[in-house]
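Encoded as structure tokens, the structure appears first; notes follow it.
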Amino acid sequence: MFDLRLETQALWRSMSRMTTSRATPSVMFISPERGLGTSSVAASVAMLASAKASKPVWLLDLDLRTNPVFGAFEDGAFGGTAEPGRVFDASLNAPQIFDVDPPIANRGNTPKLITAVQVGAGNLLVTRFRSGQLAPNQRVRLTSSPGWWTALRRSADWIIVDAPALSRSSAGLVVAEEMDGVVIVAEADRTTSKAVSDLRGEIEDHGGRVLGVVMNRIRGDARFVERLLG
């Protein structure tokens, strides 16, 4: 994972001018296939947003099993950015955005499985799912939970969502309708226009709104464009 704050400043400026009917805007980043730098772009934009925010900016990692975004901050992937510190309960006293199968037997003793970890002393909170609390035979899957998103919007200035590539997981499609916009991450000379068009169709079929495409790795540049959406 790479720090792309310099390369994504124009993207952040475009996002900050986005109009939405909700008080707290939410944008998800997703790619058609793995290895296109989606997490780097999402994390970099979230850091830019947090530098201007008066309330927390939530960087939500939909890869509940492996938490790659939290792991990147923990490993110091973003130079000059403080490591994760204070931990908050991210259940928000609302219906959760995940199901565990088989269910936890004694729900009265259900551990707080999803947390939000503060990065340094700033406004950025990165989510972490505590998969180690699950039994070996239990599986977790993302679900639609409008009440949780409503609760989250009350406590955040921005919500930035990093979704796994569609080729790996449909998690991003599950929450697409809760987003104010979705940005597709592609790679020049690798991602085909058909792959982008197909992903756009999937997102729209699930109630999402595609804002545009980030072309990543163009000589280190990440730009907000729409030319692949026609």
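From the list S14, S91, the lone residue that is closer than 17 Å to R153 by Cα and surrounded by fewer than 23 Cβ atoms within 10 Å (Cβ to Cβ) is S91. In summary, G79 fulfils each of the numbered conditions (1) free of Cβ contacts under 8 Å to residues at least 60 places away in the same chain; (2) touching an Asp or Glu at 6+ places or on another chain (Cβ under 7 Å) with the single exception of condition (1). Listed by position, the helices (runs of 4 or more DSSP H) enclosed by the range 5-118 that each have at least 3 residues that are closer than 15 Å to I160 by Cα and out of contact with any helix residue (DSSP H, G or I) (no Cβ under 7 Å at 6 or more places or on another chain) are 9-16, 38-52. Within the range 197-209, the residues that satisfy the criterion of being in contact with a helix residue (DSSP H, G or I) (Cβ under 8 Å, 6 or more places away or on another chain) and crowded, with 21+ Cβ neighbours inside 10 Å are I203, G208. Note on the range 21-53: residues that are within 22 Å of P146 (Cβ to Cβ) and open to solvent by 50 Å² or more (accessible area, probe 1.4 Å) total 3. With respect to the conditions (1) open to solvent by 30 Å² or more (accessible area, probe 1.4 Å); (2) modelled with pLDDT under 90; (3) farther than 30 Å from S54 by Cβ; (4) of a type in the set (A, V, I, L, M, F, W, C), A188 falls short on a single one, namely (1).
All of A176, A116 fail the test of being crowded, with 17+ Cβ neighbours inside 10 Å and in contact with a Ser or Thr (Cβ under 9 Å, 6 or more places away or on another chain), apart from A116. Among the residues of the range 116-144, how many are more than 16 Å from the chain's Cα centre (by Cα) and either within 19 Å of F29 (Cα to Cα) or among the β-branched types (V, I, T) (or both)? Here the count works out to 1. Just so you know, in the range 165-215 the residues that are farther than 20 Å from N67 by Cβ, among the β-branched types (V, I, T) and assigned to a helix (DSSP H, G or I) include one that is nearest to the chain's Cα centre (by Cα), and it is I203.
Whenever a residue of the range 4-24 is in contact (Cβ under 8 Å) with a residue 24 or more places away in the chain, its partners that are exposed (fewer than 11 other Cβ atoms within 10 Å of the Cβ) and assigned to a loop (DSSP other than H, G, I, E, B), lying with C-beta atoms within less than 9 angstrom and at least six residues away or across chains, give the pairs L4/G220; E7/G220. Answer with yes or no whether L48 is within 18 Å of G181 (Cβ to Cβ) and touching a strand residue (DSSP E or B) at 6+ places or on another chain (Cβ under 6 Å). Spelling it out, it is not the case that L48 is within 18 Å of G181 (Cβ to Cβ) and touching a strand residue (DSSP E or B) at 6+ places or on another chain (Cβ under 6 Å).
Just so you know, in the range 130-154 the residues that are of a type in the set (D, E, K, R) and part of a helix (DSSP H, G or I) include one that is surrounded by the fewest Cβ atoms within 10 Å (Cβ to Cβ), and it is R154.
The values are calculated or read from the model by the stated rules, or taken from the named source; none is laboratory data. Not measured: the values here are computed from a predicted model. Heads up, the Cβs are rebuilt from the backbone with ideal geometry, glycines too, and the neighbour counts pull from every protein chain shown. The protein model used for the area step is the full one, side chains on, heavy atoms only, and it has no ligands, DNA or RNA in it. Shrake-Rupley method; radii C 1.70, N 1.55, O 1.52, S 1.80 Å.
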